[in-house]
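Inspection log for the structure reproduced underneath, given as structure tokens.
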Protein chains: 2
Amino acid sequence: MATETHQAIAAEVTAEATFAGWLDRFTAALQAADVAGTTALLADDCWWRDLLALTWDLGTCRGRDKVATMLGDHLAPDSFANIRMTTEFGPRYQGGDNEIVEGFITFETPLGFGRGAVRLLQEDGDWVAWTVMTELDDLRDHERAIGAHRSRGPRHNSAGSGGRNWLQKRQEHVRYAGSDPDVVVIGAGQGGLSVAANLGLMGVDTLILEKSERVGDGWRKRYHSLVLHDPVWADHLPYMPYPDSWPVYCPKDKIADWFESYASAMELNVWTSAEMTSSAYDEATGRWTLRVRTPNGERELHPRDVILATGAAGEPNVPAVPGRDRFAGTSYHSSQHSSAQNWAGKKAVVVGACNSGHDIAQDLYEAGADVTLVQRSSTHIISQEHGIPAIFGSNFVEGGPPTKYADLLASGTPWPLVLEMAKEGVKETARKDAELLAALDAVGFKRNDGPDGTGLMGYALAYGGGYYINVGCSQLIADGKIKLAQGSGLAEFTPEGIRLEDGRTLEADLVVLATGYKNMRETARRLFGDEVADRLPLVLGIGADGEIGGLYRRTGHPAFWYMGGPLAWVRIYSKHLALQITAKHADLQTP
Amino acid sequence: MATETHQAIAAEVTAEATFAGWLDRFTAALQAADVAGTTALLADDCWWRDLLALTWDLGTCRGRDKVATMLGDHLAPDSFANIRMTTEFGPRYQGGDNEIVEGFITFETPLGFGRGAVRLLQEDGDWVAWTVMTELDDLRDHERAIGAHRSRGPRHNSAGSGGRNWLQKRQEHVRYAGSDPDVVVIGAGQGGLSVAANLGLMGVDTLILEKSERVGDGWRKRYHSLVLHDPVWADHLPYMPYPDSWPVYCPKDKIADWFESYASAMELNVWTSAEMTSSAYDEATGRWTLRVRTPNGERELHPRDVILATGAAGEPNVPAVPGRDRFAGTSYHSSQHSSAQNWAGKKAVVVGACNSGHDIAQDLYEAGADVTLVQRSSTHIISQEHGIPAIFGSNFVEGGPPTKYADLLASGTPWPLVLEMAKEGVKETARKDAELLAALDAVGFKRNDGPDGTGLMGYALAYGGGYYINVGCSQLIADGKIKLAQGSGLAEFTPEGIRLEDGRTLEADLVVLATGYKNMRETARRLFGDEVADRLPLVLGIGADGEIGGLYRRTGHPAFWYMGGPLAWVRIYSKHLALQITAKHADLQTP
């Protein structure tokens, strides 16, 4: 046993020595603001992703030339000070032949404290960096109130408290009777909660407006049988991990209840049943005027910033199909499907063959309905069993790296590289799912491999949907238990059902329009009007800078921000959005 | 930087090599069931604490002879199999001159999986064990559903679910309409919640009865200004750590809300506003019959075991003082004090000078009352600032060991050794608090150093009280802002106030009896009757076996168990109680 351990330590020393040696040279080059010297320590096909640390923006450069340009624009001798290798986790070898060394660093910048993740590989016998990620972690003097910066808590009978205890002060604060929040967040889903938590920890007074009755209703009100598709290790909210007993795949009501616990434990200010009814931004004062309908009457708020966190998937896309008014049955968008219980023995048609369409079709089938799924074009299909582990890799698994380092490895992999790497997983998953896929092919179901072969990741980054993670519906389709109408879209409603573009008719008591969602910018348009929306980028899609469109960064409107995405994204990137807003409110000189 | 790291690793290798070398010899001796060979690897004044791993009991032996007897009674070649050194944390040097090596182990026993904590020191040039702690961590085939044993969670539309989703199944289960829980826990405080969580994870169906309206009311209904005295690092509940933002000292309502979140996230079955009205145990069937008053009517339950978790401090001790009926003012026990707001400008007398007495006196003073504190004998006084860190040491601090290892170090320090080590902290705290203590002496306040100089730990282990952790009241007494009536107890109530035994009279509008609590066995007596209570041990006090009286172990009644204590105790020892009950229900052959 002792011998085994010594060998393990010897291997660590070697990965660590390799990393430390590279880092010594890298540190010297950076601190001399030596662009050529720095890029000489990078691989030919290198990636550098900076998240606010150097460039005060989110952005990815690929290749030595582009990195050199970026460094030339930004690098100064004090850009990265006090660079230290992290030994709490890593450096470690990765890859079958130890061809990669992964390591983590901390550093200081003129604005605060940063972290980084680096992957080294060998080129011509030298260890050079294949990927570098540098991020701002904390603003100096605005460090998040966690760990060593946590509050001591209220004192017993503290003088000057006017006899009010912690609870009374919390209750009074959240009323905002004589005060305004600095930031208003629209929506108490994972995006709104996580950015509000970060802002609160940075000392920025933040109020969340949630139109439903309870925090978590965004999940709670979704369809009856919904269970999260992403595994627990990827799904933690920031700062408050799930208990070790949390199931791998969490049912919707359980995650919804956790959101309520999160809002309470993180002391988030939330108004539920509160809906913004009008907004106006005054460029001169830098303040919004928001009118809000609440159970206690109409209120007016004057925050400096608003964050739209109503869901990156955006508004329901309800196609304007003729004849819907003469349809004798029931029809609704997939977002309004809550339970299949009433449709036993009835005819149901689900239009749209991505995740919602499949899940709702299965829900209706298992409730005893006669179900037809309408597939107009093609769908990317993976099994949950094979496809999800291929996407999350060895990062988000039982016994994987601590979440902090798993997240650095994730954000240390630029999105274009994520997509590149996804292609192999798509092929591997298809091989493992071959039997199921062949059965789908046999009934005429049309499949694809995602944009440019990038599968689910490509679809998720481009549109937030477009795929189906099979949890049973594909087999029902292959077995003919759920009927398939392939190759044609919805032309019109008839009194008895629907007619497809190719003329086929389908009788229906229920028509579910699983027709997806509009871009989140359309939600901004509905809530804030054209003047605001016309300044905003589209949300999602990977831009020329290698980053996701719209999310977690400046939008073109000085006081409007988008927040959203799956749990893993918001856990990682809510901090970056909060850092930008905190710096603005603190009037920090940013690059 | 690289050089520093290599030195740190070199030091680790040495501590690790020392520990590994000792462990190789220890393993060989244990697996040969060689008692003499094993004890030869222990220090002269060694300690071995076993928590169910070897002896199927909680117990501590001091010295080679007593350890040899214990091993002679229990050690077999398969008692400790597959012994492994832990390298996730430790082995590490401790002490100014690296005179201690701390290390952790895992092993298997005939019943399951165990862990251990060992401290080595040098005697005559050899490294030998000063403290050994061995504990059972999991029963084989009843492993707690955490980490690799967590559930996958419900499947989407899982066949056979009858269309009921996770929420509906949870709601139905907790009704117990056609079923009985295996175990009933009385009380949803930290003790009840933590043991119910452990039992649930081990697969034992457990129902908590809580007489208040909400989980957490045990804290919520305490006095207005209450803030926890123990720091956050010691206060985690098992399996669900507080967020990193949690304050060092948590206000009562915040911890109460967390308890509600805990019950939800850990899927505990709780009936609130539910009070047991009668009980009977049938030895023949091994079942209790409990009658329970609930908001939905009377119910009868037939669990195999009951756990009393109403608070280790027990019933309020209300002295039978003559004349209380003719007192014109208000009087209540300290446990009923909730707010001082109504006593501004009134005369208040607080009888009893331990923690509750001081905190309530301060609360009343700060609300504007004219307060007199009656101190009959003497009190152990420490400041929160100096005294609490001295008690929790380097284990439960920011940047301290992960809770898992801090707990192993805590449970790896037998209680008699904790008390021995506490004496130095008491002296050091008194030196740091010298100014405050002198000021108290000057006004005639009587102080002591706790039982045999062991301070707070000695009082807490013996009685659950008897001290005051100063958060401001001592200064108020020293300054004469709170008046002191020293040296005499309460003789009787008068119409206008109270008369002390020495004849002094004190006028009062309010008399608070901060007169402590009875032993928890008296709670058992009130709830379960004399027949049960007469079989039970007293709770608290360190017995000849070095363990706390009554808690976390067999009680003398085959189906009655005590649970309680501060958060740190229940986090650590709720597992051991649950293991014993799980083994009983699984009919395991235990030693």
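The values are calculated or read from the model by the stated rules, or taken from the named source; none is laboratory data. Quick caveat, the model's predicted, so the values are computed rather than measured. FYI the Cβ positions are ideal-geometry reconstructions off the backbone, even for glycines, and counts take in every protein chain you see. We work out accessible area using only protein heavy atoms, side chains counted, and drop any ligands, DNA or RNA first. Shrake-Rupley method; radii C 1.70, N 1.55, O 1.52, S 1.80 Å.
Things to note:
- Ranking A:P537, A:A491, A:G564 by how far each Cα lies toward the positive end of the dipole of the range A:450-571 (charges on Cβ) leaves A:G564 at the top.
- Residue-normalised convex hull volume from the C-alpha trace of the range A:462-591: 184 Å³ per residue.
- Residues whose amide H comes within less than 5 Å of that of B:Q486, counting only those at least five positions distant or on another chain, are B:Q375 (H built at 1.01 Å from N in the peptide plane).
- Charge dipole magnitude, Cβ of K and R +1, D and E -1 - the protein assembly as shown, Cα centre, debye nearest 20: 3380 debye
- In the calculated pair-distance distribution of the range A:503-550, the portion above 11 angstrom amounts to 75 percent of the Cα-Cα pairs.
- Copies compared at A:R291 - label distances in nm, ascending, label defined 7 Å from Cα in the Cβ direction: 6.1
- Per residue, the convex hull volume that the Cα atoms of the range B:181-252 enclose (Å³): 94 Å³
- Rounded to the nearest 10 Å², the accessible area of A:K347 at probe 1.4 Å: 80 Å²
- In the protein assembly as shown, the DSSP beta bridges split such that about 55 percent are antiparallel, to the nearest 5.
- Taking every residue in A:245-257 and counting other chain Cβ atoms within 10 Å of its Cβ, the average works out to 6.
- Alpha-carbon centroid distance for the pair the range B:14-62 / the range A:93-107, whole angstrom: 39 Å
- Expressed as a whole percent, the accessible surface of the protein assembly as shown that belongs to carbon and sulfur atoms is 48, based on a 1.4 Å probe.
- Chain B, closest residue to the rotation axis toward A, by beta-carbon, whole angstrom: B:S261, 2
- Whole-number accessible area per residue in Å² for chain A, which is evaluated in the context of all protein chains at 1.4 Å: 38 Å²
- The fraction of all Cα pairs in the range A:261-361 landing in successive 10 Å bins from 0 to the largest distance is 10, 26, 25, 24, 13, 2, 0, given as whole percents.
- Where N is the number of residues in the range B:11-167, Cα Rg divided by 2.2 N^0.38 Å: 1.30
- Within chain A, percent of DSSP bridges classed antiparallel, to nearest 5: 55 percent
- Using C-alpha pairs below 8 Å separated by at least 6 residues, the relative contact order for the range B:1-136 is 26 percent.
- Under conditions of 4 °C and 1.567 mPa s, the protein assembly as shown yields 39 µm² s⁻¹ as its translational diffusion coefficient, taking Rh as the Kirkwood radius over Cα pairs in the Stokes-Einstein equation.
- Across the range A:435-507, Cα-Cα pairs more than 21 Å apart make up 44 percent of the total.
- Amide H contacts of A:K518 (H built 1.01 Å from N, under 5 Å, at least 5 apart or other chain): A:E315, A:N317
- Annotation for the range A:501-591: GluC sites (Glu not before Pro) lying in DSSP loop with at most 12 further Cβ atoms inside 10 Å of their Cβ are A:E501.
- In the assembly of identical copies, B:Y176 has its label point, taken 7 Å from Cα in the direction of the beta carbon, separated from the corresponding points by 4.5 nm (ascending, one decimal).
- Contact residues in the range A:165-185 by the 40 Å² criterion (accessible area, 1.4 Å probe, full protein complex versus chain alone): A:N165, A:W166.
- Translational diffusion coefficient of the range A:214-289 (Stokes-Einstein, Kirkwood radius from Cα pairs, 20 °C, 1.002 mPa s): 145 µm²/s.
- Label spacing, shortest first and in nm, from B:E398 to its equivalents in the remaining copies (7 angstrom along Cα→Cβ): 3.6
- Per residue, the convex hull spanned by the Cα atoms of chain B amounts to 189 cubic angstrom.
- Chain pair A, B: total accessible area buried, heavy atoms, 1.4 Å probe, Å²: 5900 Å²
- In the calculated pair-distance distribution of the range A:426-467, the portion above 15 angstrom amounts to 46 percent of the Cα-Cα pairs.
- Amide hydrogen proximity for A:D137: with H placed 1.01 Å from N in the peptide plane, the residues at 5 or more positions away or on another chain lying under 5 Å are A:F113, A:G114, A:R115.
- Candidates per GluC sites (Glu not before Pro) in the range A:344-417, loop by DSSP, up to 10 other Cβ within 10 Å: none
- GluC sites (Glu not before Pro) lying in DSSP loop within the range B:240-335, provided at most 14 other Cβ fall within 10 Å: B:E283
- Computed over chain A, the per-residue total of -39500 (n - 2.57) for DSSP H runs of n ≥ 4 gives a 222 nm mean residue ellipticity of -10000 deg cm²/dmol, rounded to 500.
- Here the Karplus relation 6.51 cos²θ - 1.76 cosθ + 1.60, evaluated at θ = phi - 60°, turns the backbone of the range A:89-103 into coupling constants of 9, x, x, 8, 6, 9, x, x, 10, 6, 7, 10, 10, 9, x Hz, with x for every Gly and Pro.
- Cα centroid separation, the range B:324-367 to the range A:289-329 (Å): 53 Å
- In a reduced charge model with +1 at each Lys and Arg Cβ and -1 at each Asp and Glu Cβ, the range A:431-545 shows a dipole moment near 200 debye about its Cα centre.
- Computed over chain A: relative contact order in percent, which uses C-alpha pairs under 8 Å that are six or more apart: 15 percent
- With distances taken between every two different alpha-carbon atoms, the range B:144-288 has a Kirkwood hydrodynamic radius of 17.1 Å.
- Computed over the range A:75-186, the P(r) curve from all C-alpha pair distances, binned at 5 Å from the origin, holds 2, 9, 12, 13, 13, 11, 8, 9, 9, 6, 4, 3, 2, 0, 0 percent per bin.
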